[in-house]
Amino acid sequence: MKRKAIAIITVLLLAPLSACGGSAGTDAESATSSSATAKCLDVDADAQKTITDGAKSGTLTPVAAKAVKAPSRSNAYIVAMKFNDGNGEMTGVWMTSGVTAADISPLMSVDGYAHQFTNWPNTINGETLSVSEPGVNDAKDCLTD
């Protein structure tokens, strides 16, 4: 009888804790998924032109661009931009200081297309930028919305 009472008390004490544990996991998942909370920003036409003015060769024509505030860097934005190189459209990703022509520089190439088609550097303080940069997927998602 005593064991049964202890078992019942244990279950009653642990049941609320197990429910909290389940929701804590869900909250943690929400906190790491920034795409749901990333604010999509417009990138003005002159800023898009500034990016494509850095073309390695030929002419790049901006098609559309969106940005998000870089979640892991201060005073930086991640810009995803569709552009045409004369052979078709592709999407590149750059890190910028703003979303208007007045505040876009300095800017850097983040992904392979940006680095392949423009002269903008792909390193910051000796660190090579890549598609694993936080905010890249969010910016691309903004562009497709």
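The values are calculated or read from the model by the stated rules, or taken from the named source; none is laboratory data. Keep in mind the model is a prediction, meaning the values are calculated, not measured. Virtual Cβ from ideal backbone geometry, glycine too; neighbours counted across all protein chains shown. These area figures cover heavy atoms from the full protein model, side chains too; ligands, DNA and RNA do not enter into them. Shrake-Rupley method; radii C 1.70, N 1.55, O 1.52, S 1.80 Å.
So here's what we get for this one:
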item: Cα pair count fraction exceeding 13 Å, expressed as % - segment 34-84; result: 60 percent
item: Solution diffusion estimate, µm²/s, Stokes-Einstein, segment 52-145, Kirkwood Rh from C-alpha pairs, 4 °C, viscosity 1.567 mPa s; result: 100 µm²/s
item: Val63-Ser130 pseudo-label distance in nm [points 7 Å out on the Cα-to-Cβ vector]; result: 2.6 nm
item: Percent carbon-and-sulfur accessible area, segment 49-135, ignoring ligands, DNA and RNA, probe 1.4 Å; result: 49 percent
